[in-house]
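Participant: Got a structure for you, written out below as C-alpha cells; questions coming shortly.
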Amino acid sequence: MDNLFIKDLTGYHFEPGKILLNDQRYVLMGANALGTLKRDLIFALGVERTKGFMLRYGWNHGSDYAKKLKSMYPETTKHEWFYLGPKIHSHTGSLNVVPSQITYNKETGYYYAEGIWADSYEVEQHLKYFGISEEPVCFMATGYAGGYISELLERTALCIEVECRGKGDAHCRWMIKPLDEWDEEVQKEIYFYQEKNLDKELDRAYKRIEKQKRTLQKALQVNEELSRVLLNDNRLSSIVTVLGKNLNAGVMIEDKYLNILELFPTNNVHTMKGHINEIQWKKIKDGMKTVHLSITEGNPHERLVTPILVKNEIYGYISLIKEHGSFSEANVLSLERAAATCSIKLLNDMAAFEAEHRLIGNLLDELLNGEVQERNLYYRMNLMGYDIHEPHYLLLISLPFKDDFFNPKLRK
C-alpha cells in the first residue's frame, strides 16, 4: 500500500504553464533560487527573523499537505499517515528523511519520532553563502515536519533539529513530539511560529539599517578629525577635546598607574584611582579590550574604558565618562579609534625622542673629534632646530684625571 500511495501522491501532471499534483498547482523552483532567497532575507531581516519566516513557510507547507491528504484519503488511519509522512517529504526533493523511531499510541495520543535528514538542500545552500553556522539551518524542513504532524495529531507538535551538518555535525538529526512534552527552553521556539507582519518586519529592518548608518557616519566623522589631529596638532589634549565634543561626553587619559594625563572638560575629574574595586581593576588590567564600568565610589558615573597599547604593552587608558546612561556602538568605535590615535602619537614621540638624542650624541662625538664637514653641520643642526649662525653659549667642564679622582682635596 505504501508504494501505491507514494506513486499516487507524487504523480505530477503537466499542463501548459502548470504543474499539478492531485489537482493542486505547484511551481518548480531551483535550490539555488531558494538559497539566494534565504541569503537576501538574512541580509535584510537578520538570522532570527529569517528563521521565523522560513519555519512558518515550512509549517504551512506541511500542514496544508496533511490536510490535502486527509481529505483525499479519509479511510487512511493516522498511524499510516505518520509512517508515510517521511516518504512523502523525501519526494519533495528537498532532502531524504530517514526515521529511526516512530511511536504512536492511539489510546493515549502519545507520539514521538526521531531520525536524520540526508542531503538537505538547505545545508548545501547555507554552507555556500555563509559557511559553518553556530545553530541548525534546516528551517523549512523543521517547519514542514512540525506542521505535518501537528495537523495529524490535531494538537501542536514541535520538530527540533538537535544536530545539523550546517553547524559542523556529522548528520542533521531531528526529534518530534507534542509541544507540552518539550522542556520550557525548547517550548520558547514556538515564538518563531507566531504570525508576523512582514511590512513591520521590513520597517524594523530599515530602521535598524538606518541606525547602523548613523553610527558609522558618526564614527567616520570622529575618525577624520582624529586623523587631522595626528597630522597637524599631535597633542593628547587635542585628542580628548575632539572625542569629547563629538560624543558630548567627558574624556580622560590616565597612565597605567591611573594618574591623570589629560581630561576634557578640564573640570571633569572622575579618576578611577581609588574609586574602582578589585574586580573592576582586574577586568581593566587583564582584559586588553573595551569595558563598561559603573563607578559607585567618589563621583558615581558610567565609564567606558579601553587600553592604550604601545608596543603590545599597556601604556595607559582612555575613558568616556557619563553621569548616567549607556554607551552606543558609535561610542565604542570612536573610543577605540582614539586609543589607536594615542598609541600612534606616543610611538611617534618615543621615536622622535630617541632619534634626537642619538643625533645629538653622534654630532657631539664628531665635533669633538673634528670629523664634521661645515655643510653637513648646517644641515644636521637645522634638523634639530638650531641656527648655527646665532650666538651660542659654550660650557666647558674640566674633569680630574683618573689618578687624581680619589684625592680628597680635589673632590672638595
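The values are calculated or read from the model by the stated rules, or taken from the named source; none is laboratory data. Since we're looking at a predicted model, the values are computed, not measured. Here the Cβ positions follow ideal geometry from the backbone for every residue, glycine too, while neighbour counts run over all protein chains shown.
Participant: Can you tell me how many residues in the range 276-309 are among the aliphatic types (A, V, I, L, M), part of a strand (DSSP E or B) and surrounded by fewer than 18 Cβ atoms within 10 Å (Cβ to Cβ)?
Facilitator: The qualifying residues number 2.
Participant: Tally the residues that are assigned to a loop (DSSP other than H, G, I, E, B) and modelled with pLDDT of 65 or more, restricting the search to the range 1-46.
Facilitator: 8
Participant: Out of (1) farther than 30 Å from residue 222 by Cα; (2) surrounded by 12 or more Cβ atoms within 10 Å (Cβ to Cβ), what's the single condition that is false for residue 354?
Facilitator: Answer for residue 354: the failing condition is (2).
Participant: I'm told residue 106 meets every condition in (1) over 18 Å from residue 56 (Cα atoms); (2) touching a Leu at 6+ places or on another chain (Cβ under 9 Å) except one. Can you identify the failing condition by its number?
Facilitator: Every listed condition holds for residue 106 apart from (2).
Participant: Also, quick follow-up: Can you tell me which residue within the range 242-275, out of those that are β-branched (Val, Ile, Thr) and either in a loop (DSSP other than H, G, I, E, B) or more than 29 Å from the chain's Cα centre (by Cα) (or both), is nearest to residue 219 (Cα to Cα)?
Facilitator: Top of the filtered list is 266.
Participant: For the range 347-385, name all the residues that are at pLDDT 70 or above and basic (Lys, Arg).
Facilitator: Scanning the range 347-385 gives a single hit, 358.
Participant: All but one of (1) touching a strand residue (DSSP E or B) at 6+ places or on another chain (Cβ under 7 Å); (2) closer than 20 Å to residue 136 by Cβ hold for residue 168, so report the exception by its number.
Facilitator: Evaluating residue 168 over (1) touching a strand residue (DSSP E or B) at 6+ places or on another chain (Cβ under 7 Å); (2) closer than 20 Å to residue 136 by Cβ leaves (1) as the failure.
Participant: Something else about it: For residues in the range 59-90 being within 39 Å of the chain's Cα centre (by Cα) and closer than 23 Å to residue 103 by Cβ, which is surrounded by the most Cβ atoms within 10 Å (Cβ to Cβ)?
Facilitator: Per the criteria, the residue is 62.
Participant: Within the range 316-354, how many residues are in a helix (DSSP H, G or I) and within 22 Å of the chain's Cα centre (by Cα)?
Facilitator: 12
Participant: Also, I was wondering about something else. Could you grab me the full set of residues in the range 230-275 that are surrounded by fewer than 21 Cβ atoms within 10 Å (Cβ to Cβ) and over 26 Å from residue 298 (Cα atoms)?
Facilitator: 230, 231, 232, 233, 234, 235, 238, 246 - these are the residues of the range 230-275 that are surrounded by fewer than 21 Cβ atoms within 10 Å (Cβ to Cβ) and over 26 Å from residue 298 (Cα atoms).
Participant: Here are some residues: 284, 314, 260. Which one is at pLDDT below 90 and touching a helix residue (DSSP H, G or I) at 6+ places or on another chain (Cβ under 9 Å)?
Facilitator: None of the other options fit; the residue is 314.
Participant: If you don't mind, another one. With the condition kept exactly as written, say whether any residue in the range 101-114 is surrounded by fewer than 16 Cβ atoms within 10 Å (Cβ to Cβ) and in contact (Cβ under 8 Å) with a residue 40 or more places away in the chain.
Facilitator: Looking through the range 101-114, at least one residue is surrounded by fewer than 16 Cβ atoms within 10 Å (Cβ to Cβ) and in contact (Cβ under 8 Å) with a residue 40 or more places away in the chain.
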